[in-house]
Amino acid sequence: MNYQVDLNGFYGNYGGAFVPEVLQEQITRLQEQYLAILQEPDFQAEMARLLADYVGRPTPLYYAKNLSEKYQTKVYLKREDLCHTGAHKINNTIGQILMAKRLGKNKIVAETGAGQHGVATATVCALMDMECIIYMGALDMERQAPNVARMKMLGAEVRAAQSGAKTLKEAVDEALLHWIENPDDTFYIIGSVVGPHPYPDMVARFQSVISAEITKQLVDLEGRSLPDYIIACVGGGSNATGAFYHFLEEETVGLIVAEGGGKGLDSGQTAATSFLGKDGILHGSKTLFMQDKKGLPVEAYSISAGLDYPGFGPLYAHLKEVNRVEFLAIDDDAAMQAGLALCKLEGIIPAIESAHALAVLDKKKFKPTDVVVVNLSGRGDKDLHNYTTYFKL
Ligand SMILES: *Cc1c(COP(=O)(O)O)cnc(C)c1O
């Protein structure tokens, strides 16, 4: 089995680059150049230096003794929550800003939903002295005010998307429009393994540092490079892809995805794409996403802002089709309980997104000798209000 994109940017039946005519030239140029740029020794050296000294990599692979006792299996946590800015997203924005520089661009545009990708983008723009424009739904700006403040502190201009539901979809539309109007000097930094080819593959490569580290760390900790299982949450799929990347072809490694189940699969308030999604074109690639009768994306819901996306990247549509990954829908309550349990057992407050991955430990039984790696995609500081309201603390 092969889980890499083909020359046209497809994973099996999914992927590709469906973009408006005016962006064709930019996308084609990126497709033609990204692999060569990634392989330049200069690029690799600068990326490695920033990941080490700025982001704080390698992140620990922590043996969680108390969790392991509770679940009677060996649980390791990959600590992406310890990255600068609090989540894995910075691995990707560092890579893309270096790519933008190599392509001679000096302006960055991005969209953000909950604000996490916006903050990671504003951070690297400050670092590289690039102009940064972030589109965010007007409603999201109200709901995620602390992240708006962070972006402003970092020097970004945050523009409110006022149309439609005033959330992520409108922000994507306006960011794309901005790019269409400014294709020559502007680079579009996408925040997950979504969008037209080559973005899903490029983001996967930038995040693959996670599984590269896990391989090495497991040799030291367990005397073997392969775990038995890896568990990760999926919104668009970038932290999961990073954690799975070097294990995709190793069929003995079980890969488990936790999706935002929201209030339940038939509640109409969910983000469980693998269960409810249909084939279609979303944000420039063919993938699975939840649709209304006309084939338009419906609004997704999850208690976690990072998981409430109606689709996921094309790699996940492919992994589902070939049955390489087990998908579980984790509902809000299960995720919140798993998040609180990690606080009490290990003294770590996880992002609510990551708590969905932790909740898998309650759903599935593992053997005492199994090595189970949970990708802890981010820290829970941003979610404190949500947690304390939910638990009436
Ligand atoms: C954004 C985010 C996610 C979801 O995005 P993916 O691309 O699926 O990784 C998960 N966890 C955290 C902490 C996030 O900020």
Test ASN386 against the criterion of being assigned to a helix (DSSP H, G or I) and assigned by TED's automatic domain parsing to the domain that holds LEU67, and give yes or no. yes
Looking at GLU170, GLU157, GLU181, which is the one that is open to solvent by 10 Å² or more (accessible area, probe 1.4 Å), within 24 Å of ILE90 (Cβ to Cβ) and not hydroxyl-bearing (Ser, Thr, Tyr)? GLU157
Taking the conditions exactly as written (assigned by TED's automatic domain parsing to the domain that holds GLU111 and open to solvent by less than 70 Å² (accessible area, probe 1.4 Å)), does LEU77 satisfy them or not? no
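Got a sec? Which helices (runs of 4 or more DSSP H) wholly within the stretch 6-74 have at least 1 residues that are within 24 Å of GLY237 (Cα to Cα)? Explain how you work it out, then say what you get.
Working: elements: 21-39, 41-50, 65-71.
Answer list for the stretch 6-74: 21-39, 41-50.
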Return the pairs, sorted by first residue and then second, in which the second residue is open to solvent by 70 Å² or more (accessible area, probe 1.4 Å) and not in a helix (DSSP H, G or I), the first residue lies in the stretch 372-392 and is within 27 Å of LEU226 (Cβ to Cβ), the beta carbons are less than 9 Å apart, and the residues are 6+ apart or on different chains. LEU376/TYR62
When you scan the stretch 58-103, how many residues do you find that are closer than 21 Å to ASP220 by Cβ and away from the ligand (no atom under 16 Å from the Cβ)? 13
Subset of the stretch 227-259 [free of Cβ contacts under 8 Å to residues at least 40 places away in the same chain and either in a loop (DSSP other than H, G, I, E, B) or within 10 Å of the ligand (Cβ to nearest atom) (or both)]: GLU250, THR252, VAL253
Which of the numbered conditions does GLU222 fail, given that it passes all the others? Conditions: (1) over 19 Å from THR123 (Cβ atoms); (2) outside the structural domain of ALA338 (by TED's automatic domain parsing). (2)
Looking at the structure I just gave you, is LYS367 over 21 Å from the mean Cα position of the chain (by Cα) and either free of Cβ contacts under 8 Å to residues at least 60 places away in the same chain or within 13 Å of the ligand (Cβ to nearest atom) (or both)? no
When the residues of the stretch 195-228 are narrowed to those that are open to solvent by 20 Å² or more (accessible area, probe 1.4 Å) and in contact with a helix residue (DSSP H, G or I) (Cβ under 9 Å, 6 or more places away or on another chain), which ends up farthest from LYS320 (Cα to Cα)? ARG224
Within the group VAL360, VAL373, VAL325, which residue is over 25 Å from PRO146 (Cα atoms), more than 15 Å from the ligand (Cβ to nearest atom) and not assigned by TED's automatic domain parsing to the domain that holds PRO198? VAL373
Residue pairs meeting the criteria (Cβ under 7 Å; at least 6 apart or on separate chains; first within 13 Å of ASP383 (Cα to Cα), in the stretch 335-364; second away from the ligand (no atom under 16 Å from the Cβ)): MET336/TYR390; LEU340/PHE391
Among the listed residues ALA52, ALA87, ALA64, identify the single one that is more than 18 Å from CYS343 (Cβ to Cβ) and not hydroxyl-bearing (Ser, Thr, Tyr). ALA52
Residue check, TYR76 under 17 Å from SER285 (Cβ atoms) and either of a type in the set (Lys, Arg) or out of contact with any Cys (no Cβ under 7 Å at 6 or more places or on another chain) (or both): no
Which one of the conditions (1) open to solvent by 10 Å² or more (accessible area, probe 1.4 Å); (2) within 26 Å of GLU249 (Cα to Cα) does GLU111 fail to meet, given that it meets all the rest? (2)
Pick out the one residue from ARG143, ARG150, ARG159 that is within 16 Å of the ligand (Cβ to nearest atom), over 25 Å from GLN207 (Cβ atoms) and charged (D, E, K, R). ARG143
By my count, helices (runs of 4 or more DSSP H) wholly in the stretch 107-197 with at least 2 residues that are closer than 20 Å to GLN26 by Cβ are 116-128, 168-181
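The values are calculated or read from the model by the stated rules, or taken from the named source; none is laboratory data. Since this is a predicted model, take the numbers as computed values, not measurements. Using ideal geometry, Cβ is built from the backbone for each residue, glycine included, and neighbour counts are taken over all protein chains shown. For accessibility, only protein heavy atoms count, side chains too; no ligands or nucleic acids. Shrake-Rupley method; radii C 1.70, N 1.55, O 1.52, S 1.80 Å.
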